[in-house]
Amino acid sequence: MRSFLFVPGDQPDKLAKALSSAADVLILDLEDSVNPLNKEAARRSALDLLQNRDAVPDPPLLYVRINGLDTSLADGDLDVVMTGVPDGVVLPKARGGNDIALLSSRIAVREALHNIPESSTPIIAIATESAAAIFGLGTYMDSSPRLAGLAWGVEDLSADTGAQTCRVEGEWTGPAELARGLCLFGAAAAGADAIDCVYADFRDLDGLKRECETAARDGFTGKLAIHPDQAPVINEAFTPSEEAVTRAERVVEAFSLFGDAGVTSLDGQMLDRPHLKAAERLLARARRWRPQAPLDEVQS
């Protein structure tokens with residue numbers, strides 16, 4: 001999954017329109033973008049969309065961002081939306097692996113109640129929204145097989161720390177850069193996808209492209225979005241290029257020619273097992289997003 005588009009749950013017109021966007025995932029939002037007085041209406045609108053998604057050809061995946069576990073709203077959110085069998089649940093204000101384990105147990109109860117296949121509902125956690133959460137980024141390992149991704153964000157974090165800004169001349173400040181890096185490492189350690197934060201200036205598609213390219217370079221596999229126009233830019237940036245696919249295929253071939261040796265070489269460069277692992281991961285992504293790529297001879 002490359003692009004994750006937030007859509008306010010209490011705005012049915014935007015929900016319906018977002019179904020035709022290029023986003024891989026729509027995040028039906030019941031949390032920050034919803035007025036506290038509209039929470040129940042947002043639940044019902046999200047459920048309606050989940051129940052009628054088949055009316056749209058090739059719909060995107062539909063995840064639901066519930067309210068935080070430290071609120072009185074999370075269980076009510078799950079009670080409603082799990083009847084619509086969402087493709088996944090997004091947990092805001094996550095503090096660490098214990099939150100994932102707790103949410104997983106609550107989802108499991110609803111799966112059983114509604115005859116949903118066991119453990120079929122993945123979780124994405126937004127994992128950097130408080131100062132305390134930063135210290136939990138190393139605790140997601142083995143928290144739950146449901147954990148599919150860790151995303152980072154700076155708005156709530158900046159509010160929690162009292163930061164005046166998180167960017168200076170277009171560059172992340174030190175605390176923001178630290179949160180970004182730790183989220184990336186936490187996701188890798190947990191075997192989950194690392195998802196980059198939103199780019200708030202939705203009219204600046206050139207700036208978005210640059211930020212996506214940097215994130216993809218560093219190891220992020222996707223990015224959060226707040227406007228449908230951002231989705232195509234994100235998808236392109238996180239889809240492996242033909243050049244990258246060809247290079248990865250050659251790396252895999254170089255190892256296979258020598259009986260999967262621990263070390264080999266290609267174009268005068270020494271390659272070891274981490275190079276092979278990186279190439280295989282890229283090719284796995286390419287199979288999903290570049291079906292035309294010549295991957296027939298590459299093993300997964």
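With the cut-off at under 20 Å, measuring from each backbone N in segment 77-107 to a point 7 Å along the Cα-to-Cβ line of His114 picks out 77-92, 100-107.
Summing Cβ point charges (Lys, Arg +1; Asp, Glu -1) relative to the Cα centre of the chain gives a dipole of roughly 280 debye.
Put a plus charge on the Cβ of each Lys and Arg, a minus charge on the Cβ of each Asp and Glu, and nothing anywhere else: the dipole of segment 236-278 about its Cα centre is then about 200 debye. Taking the number of Cβ atoms within 10 Å of each Cβ as an exposure proxy, the fewest-first ranking of Met82, Met141 is Met141, Met82. Between Asp206, Asp193, Asp272, the GNM of the chain built on Cα springs shorter than 10 angstrom shows Asp272 fluctuating the most. Taken over segment 1-46, the alpha-carbon convex hull comes to 58 cubic angstrom per residue. Each of Leu103, Leu28 has some number of other Cβ atoms within 10 Å of its Cβ, and from fewest to most they run Leu103, Leu28.
Using a/c under 1.5 as the rounded threshold, could you call segment 68-193 rounded, prolate or oblate? The axes a ≥ b ≥ c are square roots of the C-alpha gyration tensor eigenvalues, and prolate needs a/b larger than b/c, oblate otherwise. Prolate, because a/c is 1.5 or more and a/b exceeds b/c. The angle between the Cα long axis of helix 242-257 and the main principal axis of the chain comes to about 60°, on a 0 to 90 degree scale. In the chain, the calculated helix contribution to ellipticity at 222 nm averages -13000 deg cm²/dmol per residue, counting -39,500 (n - 2.57) for every DSSP H run with n ≥ 4.
Note: relative contact order over segment 1-106, using C-alpha pairs below 8 Å and six or more positions apart, is 25 percent. Between segment 166-202 and segment 129-158, the alpha-carbon centres lie 11 Å apart.
Taking 7 Å steps out from each Cα toward its Cβ at Asp272 and Thr214 produces label points 3.0 nm apart.
Its convex hull of Cα atoms gives segment 242-289 a direction-averaged projected area, equal to a quarter of the hull surface, of 3.1 nm². Our summary gives the chain a relative contact order of 14 percent, counting only alpha carbon pairs under 8 angstrom and 6 or more residues apart. Taking only alpha carbon atoms, segment 84-131 gives an Rg to Rh ratio of 1.01, where Rh is the Kirkwood radius. Who wins for biggest fluctuation among Gly174, Gly97, Gly191 in a Gaussian network model of the chain, springs between alpha carbons below 10 Å? So, out of Gly174, Gly97, Gly191, the one fluctuating most is Gly174. Normalised by 2.2 N^0.38 Å, where N counts its residues, the alpha-carbon radius of gyration of segment 3-237 equals 0.96.
By the beta-carbon count within 10 Å of each Cβ, the least crowded to most crowded order of Leu19, Leu257, Leu61, Leu30, fewest first, is Leu257, Leu61, Leu19, Leu30.
A short reminder: the numbers here are calculations on the coordinates, not readings from a lab. Keep in mind the model is a prediction, meaning the values are calculated, not measured. So basically every Cβ, Gly included, is an ideal-geometry build from the backbone, and we count neighbours across all protein chains shown.
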